[in-house]
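The values are calculated or read from the model by the stated rules, or taken from the named source; none is laboratory data. Note that the structure is a prediction, hence the values are computed from the model and not measured. Every residue, glycine among them, receives a Cβ derived from its backbone with ideal geometry; neighbour counts consider all protein chains shown. Surface accessibility is based on the protein's heavy atoms, side chains included, excluding ligands, DNA and RNA. Shrake-Rupley method; radii C 1.70, N 1.55, O 1.52, S 1.80 Å.
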Amino acid sequence: MKEYSFKYQNKIGIVYLLTVLIGIPFLTIAVTVWLMDYISWLFWVSVPFMILTMILGVWRFLKKSNTWDTIKLDNDGFTSKSYGRVEYQEIADIPAYNVLIAPPPSMRIRLTDGRQLIWLFNPNNLKSTDHINTFIAFKEDLLDHLEQRELKLTEKVDHKSRDLREIQIEEGVTNEKVDHDIIGQLKESKQRDYRHIAIPISAVFGTIMLLKTCGTDFIRSQRENESNNFRSAVLKMETDYGNNVQRARDVAASYSIKFGPVFLLTNDPDAVLEFTPNINKDPYSTEINVIGLRRVEDNKLLEQYIKHPDSVSYELSVVNETAKFYSIMRKSIFAQQDSSAGTVYFAVYNPKESFPVKHNRSFNQDSTFRPIQFATSITVPNIDKPTKDILDNMDFASLRSIVQSYKGTYFYMAAKEQDGISESQFEQIKSLVEQDLKEHQIDTKLFQSKVYNVK
């Protein structure tokens, strides 16, 4: 009779471990949250209580989970200090443990009466090496006894020519499974020796590290691709906007020919006159100042205009692309509607000067620089030869005062043939304006007259 003594982990310790990891924290937190409204200082007591209780649970786990067992093996069965006497014919099943549940050489035996014999081991604990070797020797001895028992049963079948099931009943075997099946399970358990577990664990660990590294690179690559795609989309919207603006200007220039010639007198050599389409945005839409995204609605409106240039109104504008100056030639707020009179538009612009700020406490002051920019108009009677009287009004006087007071101010005078002012009339008004400016010591040597919107 052989005897095997070893230390193993029983299933009782698992109860303490689950209590420490789940039961104690959950119960303590639940009770604390429930009673916090009634006992404000309970939190400062519950935390130390939870920590002490968890420490106690860990101590109980370490104490209760390790147990000594001594097994004596004979030809009919074995006697365990932990589980008592077990006959071979009482063994119903020896199922293999999953490596994630219990690493080899852990083993369990199910008996015909429903009992389970469980021995658990931690192969990573160096102190358990001797106990594991002892338990492996017990498993091998148990396998030898079961194989000898199967051999005896097989010999009886061969000698007496009877069914194996009859021999088992005669020998007192009451379980449905034959010894051959149990031996196969035990052999499988033996093949899963913990010494060989290093290979799959290393493979799993290597696979995890590979997935982690490749996964990180994959995620980084995906983010870079998404960022590049977003950047490309934003740049495309900005590029499309620039292209749509140029296309819209070409369409406007082609369509506005029907409005007839326009005339300009100015001292700004880079200024031009053109008809610009009045493309209005939705006043209730949110203004987006993000590069690219802000052009979504602009591109949509420009593309609609390019398809239907007759769907909007047009405004006469003076443009200096070099100085990034743009001004609509508007009528004066004091102008009166008169179908028999024409309109002459005026504007001034000084990029280096700003109107003085009012010095009073009620005026909201800020440091933003606002260049001088002013637009107005005068009404010209529909007569063959205009007189100097057309310049005797407040609008023109205000304009002249700005040009006289701020050196370097650009002056613009424009008219449309569509309003009833011919090119000859515009030249006559030009002479009157230049004469008036000279009388007020304003230099007109750089003034030039130009004609636009002609084929």
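Looking only at segment 92-134, filter to residues that are of a type in the set (Gly, Ala, Ser) and touching a residue at least 60 places away in the same chain (Cβ under 8 Å); which one of those is nearest to residue 6 (Cα to Cα)? Spell out the reasoning first.
Restricting attention to segment 92-134, the residues satisfying the condition of being of a type in the set (Gly, Ala, Ser) are 92, 96, 102, 106, 114, 128.
Cutting the leftovers down to touching a residue at least 60 places away in the same chain (Cβ under 8 Å) gives us 92, 96, 128.
Values: 92: 24, 96: 20, 128: 9 Å.
Among those that are of a type in the set (Gly, Ala, Ser) and touching a residue at least 60 places away in the same chain (Cβ under 8 Å), it is 128.
Scan segment 401-422 residue by residue and report those that are at pLDDT 90 or above and open to solvent by less than 40 Å² (accessible area, probe 1.4 Å).
402, 403, 409, 411, 412, 413, 414, 415, 416, listed by residue number.
Any chance segment 196-205 includes a residue that's modelled with pLDDT under 85, more than 41 Å from the chain's Cα centre (by Cα), in a helix (DSSP H, G or I) and not hydrophobic (A, V, I, L, M, F, W, C)?
Looking only at segment 196-205, we keep the residues that are modelled with pLDDT under 85, and these are 196-205.
Still in the list and also more than 41 Å from the chain's Cα centre (by Cα): 196-197.
Adding the requirement that they be in a helix (DSSP H, G or I) leaves 196-197.
Right, trim to not hydrophobic (A, V, I, L, M, F, W, C) and you get 196.
Scanning segment 196-205, I find at least one residue that is modelled with pLDDT under 85, more than 41 Å from the chain's Cα centre (by Cα), in a helix (DSSP H, G or I) and not hydrophobic (A, V, I, L, M, F, W, C), so the answer is yes.
Looking at 113, 158 in this structure, which one is at pLDDT 85 or above and exposed (fewer than 15 other Cβ atoms within 10 Å of the Cβ)?
Details: 158 fails: at pLDDT 85 or above.
It is 113.
Within the group 109, 71, 136, which residue is farther than 23 Å from residue 23 by Cα and touching a Leu at 6+ places or on another chain (Cβ under 7 Å)?
Details: 71 fails: touching a Leu at 6+ places or on another chain (Cβ under 7 Å); 136 fails: touching a Leu at 6+ places or on another chain (Cβ under 7 Å).
Step by step, each of 109, 71, 136 is checked, and only 109 is farther than 23 Å from residue 23 by Cα and touching a Leu at 6+ places or on another chain (Cβ under 7 Å).
Looking at 323, 335, can you tell me which residue is touching an Asp or Glu at 6+ places or on another chain (Cβ under 9 Å), modelled with pLDDT under 90, surrounded by fewer than 17 Cβ atoms within 10 Å (Cβ to Cβ) and under 17 Å from residue 372 (Cα atoms)? Spell out the reasoning first.
On the way: 335 fails: under 17 Å from residue 372 (Cα atoms).
Exactly one of 323, 335 is touching an Asp or Glu at 6+ places or on another chain (Cβ under 9 Å), modelled with pLDDT under 90, surrounded by fewer than 17 Cβ atoms within 10 Å (Cβ to Cβ) and under 17 Å from residue 372 (Cα atoms), namely 323.
From the list 381, 386, pick out the single residue that is buried (at least 20 other Cβ atoms within 10 Å of the Cβ) and at pLDDT below 90.
386
Confirm whether residue 427 is under 16 Å from residue 450 (Cβ atoms), acidic (Asp, Glu) and surrounded by 15 or more Cβ atoms within 10 Å (Cβ to Cβ). Lay out the reasoning, then the answer.
On the way: under 16 Å from residue 450 (Cβ atoms): yes; acidic (Asp, Glu): yes; surrounded by 15 or more Cβ atoms within 10 Å (Cβ to Cβ): no.
Criteria not met by residue 427.
So in segment 22-77, with the set limited to residues that are farther than 24 Å from residue 10 by Cβ and among the small types (Gly, Ala, Ser), which one is nearest to the chain's Cα centre (by Cα)?
Looking at the filtered set, the residue picked out is 30.
So, restricting to helices (runs of 4 or more DSSP H) that lie completely within segment 1-83, which ones have at least 3 residues that are closer than 15 Å to residue 121 by Cα and of a type outside the set (Val, Ile, Thr)?
Working: elements: 12-18, 24-35, 42-65.
Result: 42-65.
Give segment 225-269 a look and list any residue that's closer than 30 Å to residue 446 by Cβ and more than 50 Å from the chain's Cα centre (by Cα), or say none.
If the condition is that a residue be closer than 30 Å to residue 446 by Cβ and more than 50 Å from the chain's Cα centre (by Cα), then 257, 259, 260, 261, 262, 263, 264, 265, 266, 267, 268, 269 are the ones that fit.
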